[in-house]
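Read the figures in this text as sums done on the coordinates, not as results from a lab. Keep in mind the model is a prediction, meaning the values are calculated, not measured. Cβ atoms come from the backbone with ideal geometry, glycine included; neighbour counts cover every protein chain shown.
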Amino acid sequence: MYRVLLWAILILVLARLAWRVLRGVFEGMGYRAPGGGGQSVGLVRDPVCGMFVAPGNALTSGTGSGTRYFCSEKCRQEYTKHG
């Protein structure tokens with residue numbers, strides 16, 4: 001009886017290992033499961049303190065290609081004072 005139980009556990013472990021390897025191969029090829037995770041957001045670096053922030057949550061200064069992104073009002077004021 002113990003042999004059957006040990007074989008069942010071994011088969012289960014090997015099946016999970018094979019599934020993880022196959023999933024890694026498919027993700028490496030660019031496959032994404034439907035509804036699996038959102039899109040990543042490119043981060044920008046605060047020029048004063050160096051902190052990375054999401055552009056949607058950052059404070060800004062300037063427009064167009066001259067836009068600078070800041071993590072806080074303190075960093076934005078520091079940049080405009082010295083910039």
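Here the 3J(HN,Hα) profile of the range 43-59, calculated from phi with Karplus coefficients 6.51, -1.76 and 1.60 at θ = phi - 60°, is 9, 10, 9, 5, x, 8, 9, x, 6, 8, 9, 6, x, x, 9, 8, 7 Hz, Gly and Pro shown as x.
Taking N as the residue count of the chain, its C-alpha radius of gyration divided by 2.2 N^0.38 Å amounts to 2.08. Taking a Cβ cut-off of under 12 Å around Ser72, the surrounding Lys, Arg, Asp and Glu residues balance to a net charge of -1, with basic ones at +1 and acidic ones at -1. Suppose R0 equals 30 Å. What FRET efficiency, 1/(1 + (r/R0)^6) with r the Cβ-Cβ distance, do Arg32 and Ala54 give to the nearest 0.05? Efficiency at R0 = 30 Å is approximately 0.90. Extension gain, Ser40 to Leu12: 0.36 nm times the residue separation minus the Cα-Cα distance gives 6.7 nm.
Protection proxy ranking, highest mean first, for peptides 20-30, 70-80, 44-54: 70-80, 44-54, 20-30, where packing is the per-residue count of other beta-carbon atoms within 10 Å, averaged.
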